[in-house]
Amino acid sequence: MALAPYWARIRSVLDADVFHRARTVAEHGAGHVLNDLHTSMSWDDSTLTLVRRKRLMTRDLAGEGLLLIPSAFTGPGLRTRVRPPDPPQIAYPARGVGTLWEKRPARGTRALAPVLGRSRTLLLTELETPASTTDLARRTGLSAGGVSQSLTALRDAGLVSAHRAGRSVLYARTAVGEALLEAASVGE
């Protein structure tokens, strides 16, 4: 539940990384991906070298294959796991993870406002990061009652979700809300 309000944003960064790596493998081969994955890792056509890895990891010990895992939580370094019979695993910082929490300009508002209404569209775009009714009222200038009523309608439509955080309820855009804003921004 702790990640639920942020999951759509995190997932989009992870999906973008997987797509980029798959395209790179298709265009340039696996060696290019391994050499480009992290500065502490290199591939020379027969050996994968990990700087500062404390234990030797041979194919005999590790098993076949290699599982690459993009992460928003590894920090700047690599994390490895070797537990036969599973393939060796390398978790690495996903591309774009540094921009994960940057505020993005609102898009799609011109097209959505006639459909959802100005207040609901404004609230949907303001939910770039999870916020409470009070926070949203303060940021938008709408009344707390109006914000609450609009959030209920957006939640009932599946565009936002509500999560309790102590005494507050935080609202966040769902994947459906993200997709709606993205679709409405086409052509802007």
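The values are calculated or read from the model by the stated rules, or taken from the named source; none is laboratory data. Values in this document were obtained by computation on a predicted structure and should not be read as measured data. For neighbour counting, all protein chains shown are included, and Cβ atoms are generated from backbone atoms with ideal geometry for every residue, glycine included. Keep in mind that these areas ignore ligands, DNA and RNA; they rest on the heavy atoms of the full protein, side chains included. Shrake-Rupley method; radii C 1.70, N 1.55, O 1.52, S 1.80 Å.
Between His28 and Leu100, what FRET efficiency follows from the Cβ-Cβ distance if R0 is 30 Å, with the result rounded to 0.05?
Result of the calculation: an efficiency of 0.70.
Which percent of the accessible area of the chain is formed by carbon and sulfur heavy atoms (probe 1.4 angstrom)?
55
With every protein chain kept in place and ligands, DNA and RNA left out, what is the accessible area per residue of the chain? Probe 1.4 Å, answer in Å².
Normalised by residue count, the accessible surface of the chain is 61 Å².
Taking 25 Å as R0, compute the FRET efficiency from the Cβ-Cβ separation of Arg83 and Arg52 and round it to 0.05.
FRET efficiency, Arg83 to Arg52: 0.80.
Taking +1 at the Cβ of each Lys and Arg and -1 at the Cβ of each Asp and Glu, which of Leu3, Phe19, Leu66 sits farthest along the dipole of the chain towards its positive end, judged by Cα position relative to the Cα centre?
Leu3
Among the DSSP beta bridges whose two residues both lie in the chain, what percent are antiparallel, rounded to the nearest 5?
Antiparallel bridges: around 70 percent, rounded to the nearest 5.
Which option, (1) 18.9; (2) 16.9; (3) 19.3, is the value of Kirkwood radius over Cα pairs in Å that was calculated from these coordinates?
Recomputing Kirkwood radius over Cα pairs in Å here gives the entry labelled (3).
May I ask for the Rg/Rh ratio of the range 73-160, computed from Cα atoms with Rh as the Kirkwood radius, given to two decimals?
1.23
Report the full-extension gain for the segment Ala183 to Thr134: residue separation times 0.36 nm, less the Cα-Cα distance, to one decimal in nm.
Fully extending the segment from Ala183 to Thr134 adds 14.8 nm.
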